Amino acid sequence: PGVYDGLLSGMATIARAEGAPALYKGLTHACIWCVPYTGALFFTNDTLKKLAHDNGYKTGPLLGCAFGAVAGCVSTAVAFPLESSRRKLQAQGVGGRPVLYDGLFECMAGVVKKEGVGALYAGCAANVLKMAPAQAITFGCMNLIKPSISDFAEKYK
């Protein structure tokens, strides 16, 4: 607050001071997080759908919501150490905070060494409370809409 007048002001100030590539700082870390998060999300959802189908259940919107909520919990837990480390890296140096780490994996190792493995999961429960309903809605809607899209695509081949 008070550093920039808004989004465009912030982007322009950063680009002038540090160069345009500075606008992409942290993108690599976000992409590294995305791989295990998305992999665990779809693996969990697909595994639950297969188990349901193998046991004679049809996966409609309600089961899609349930499976999405579980998948959101699992994927958040799997990828949260990367997310929490990314946030620590992002916050270091801001507001007089010390710069402690040079990279993502150095940060993770440092946190484990200083505070233990559990520190990588500090805040995970709050994130699960956010992601479980978000993924429940996503997968529930996907199961609701997908048949209509498939029917439309089949009709207009």
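Using the structure shown, decide if residue 109 is over 30 Å from residue 142 (Cα atoms) and open to solvent by 50 Å² or more (accessible area, probe 1.4 Å). Break it down stepwise before answering.
Details: over 30 Å from residue 142 (Cα atoms): yes; open to solvent by 50 Å² or more (accessible area, probe 1.4 Å): yes.
It is true that residue 109 is over 30 Å from residue 142 (Cα atoms) and open to solvent by 50 Å² or more (accessible area, probe 1.4 Å).
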*Restricted to the range 53-74, and to residues that are over 21 Å from residue 134 (Cβ atoms) and of a type outside the set (Ser, Thr, Tyr), which residue is surrounded by the most Cβ atoms within 10 Å (Cβ to Cβ)?*
53
*asked:* Condition check: hydrophobic (A, V, I, L, M, F, W, C), loosely packed, with under 14 Cβ neighbours inside 10 Å and in a helix (DSSP H, G or I). Does residue 126 satisfy that?
replied: yes
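From 104, 100, 41, 82, which residue is in contact with a helix residue (DSSP H, G or I) (Cβ under 8 Å, 6 or more places away or on another chain), open to solvent by less than 30 Å² (accessible area, probe 1.4 Å) and more than 22 Å from residue 135 (Cβ to Cβ)?
Details: 100 fails: open to solvent by less than 30 Å² (accessible area, probe 1.4 Å); 41 fails: more than 22 Å from residue 135 (Cβ to Cβ); 82 fails: more than 22 Å from residue 135 (Cβ to Cβ).
Matching residue, one of 104, 100, 41, 82: 104.
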*Among all residue pairs at least 6 apart or on different chains, which show Cβ distances below 6 Å where the first residue, located in the range 116-144, is without any contact (Cβ under 8 Å) to a residue 40 or more places away in the chain and more than 13 Å from residue 75 (Cα to Cα) and the second is part of a helix (DSSP H, G or I) and open to solvent by less than 70 Å² (accessible area, probe 1.4 Å)?*
119/111
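The values are calculated or read from the model by the stated rules, or taken from the named source; none is laboratory data. No experiment lies behind these values; they were computed from the predicted model shown. When we count neighbours, we look across all protein chains shown, and the Cβ atoms used for this are built from the backbone with ideal geometry, even at glycine. For accessibility, only protein heavy atoms count, side chains too; no ligands or nucleic acids. Shrake-Rupley method; radii C 1.70, N 1.55, O 1.52, S 1.80 Å.
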